[in-house]
1. Take the conditions within 9 Å of the chain's Cα centre (by Cα), assigned to a loop (DSSP other than H, G, I, E, B), modelled with pLDDT under 95 and crowded, with 17+ Cβ neighbours inside 10 Å and apply them to T64. Does it pass?
2. Checking A79 against (1) under 10 Å from the mean Cα position of the chain (by Cα); (2) surrounded by fewer than 16 Cβ atoms within 10 Å (Cβ to Cβ), which test does it fail?
3. Give just the number: which of (1) over 20 Å from N4 (Cα atoms); (2) part of a helix (DSSP H, G or I) does R58 not satisfy?
4. Check the stretch 3-16 and report whether any residue there is of a type in the set (D, E, K, R) and touching a strand residue (DSSP E or B) at 6+ places or on another chain (Cβ under 6 Å).
5. Return the pair list, or none, for Cβ contacts closer than 6 Å from residues in the stretch 22-43 that are closer than 15 Å to K68 by Cα to residues that are surrounded by 12 or more Cβ atoms within 10 Å (Cβ to Cβ) and basic (K, R), at least 6 apart or on different chains.
6. Please go through the stretch 6-27 and give me each residue that is buried (at least 18 other Cβ atoms within 10 Å of the Cβ) and either within 12 Å of the chain's Cα centre (by Cα) or assigned to a loop (DSSP other than H, G, I, E, B) (or both), ordered by number.
7. Please find, among E80, E34, E48, the residue that is of a type outside the set (A, V, I, L, M, F, W, C) and in a loop (DSSP other than H, G, I, E, B).
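The values are calculated or read from the model by the stated rules, or taken from the named source; none is laboratory data. Everything numeric here is computed off the predicted structure, so don't read it as measured data. Note that we place each Cβ from the backbone using ideal geometry, even for glycine, and neighbour counts take in every protein chain shown.
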Amino acid sequence: MSDNVADTIFAIIAKEANIDRAKITLDSTLKDLEIQSLDAVQILFEIEDHFKITMPDRDPNFDTESVKGLVDTVEKLLAEKAATPPPAGNG
């Protein structure tokens, strides 16, 4: 697990949910942190924007309810993105 990805996600959660970053652990769930659904959506948008990825929506293979799940999902998507060459320009 990349500390950099986890640190960034912790910072995004703390900022968007306006909570103390020290309260956030990999074992936390968004519910544990008392993050409202609207804030959770904003957190996902910020994560997508920061990492230039698209989080899966209701995909049973991804856990987006826990902090560890978010970190794992981002790392998996970043690895897939790195393995996929960018589309060739036409021209």
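1. Numbers: within 9 Å of the chain's Cα centre (by Cα): yes; assigned to a loop (DSSP other than H, G, I, E, B): yes; modelled with pLDDT under 95: yes; crowded, with 17+ Cβ neighbours inside 10 Å: yes.
Judged against the criteria, T64 is a match.
2. Every listed condition holds for A79 apart from (1).
3. (2)
4. Residues of the stretch 3-16 of a type in the set (D, E, K, R): 3, 7, 15-16.
Filter once more, so that each one left must be touching a strand residue (DSSP E or B) at 6+ places or on another chain (Cβ under 6 Å): none.
The answer is no, given that none of the residues of the stretch 3-16 is of a type in the set (D, E, K, R) and touching a strand residue (DSSP E or B) at 6+ places or on another chain (Cβ under 6 Å).
5. Short answer, once both residue conditions are applied: L26/K68.
6. So in the stretch 6-27, the residues buried (at least 18 other Cβ atoms within 10 Å of the Cβ) come out as 6, 9-10, 12-13, 16-17, 24.
Answer for the stretch 6-27, where residues must be buried (at least 18 other Cβ atoms within 10 Å of the Cβ) and either within 12 Å of the chain's Cα centre (by Cα) or assigned to a loop (DSSP other than H, G, I, E, B) (or both): A6, I9, F10, I12, I13, I24.
7. Values: E80 fails: in a loop (DSSP other than H, G, I, E, B); E48 fails: in a loop (DSSP other than H, G, I, E, B).
On inspection, the qualifying residue turns out to be E34.
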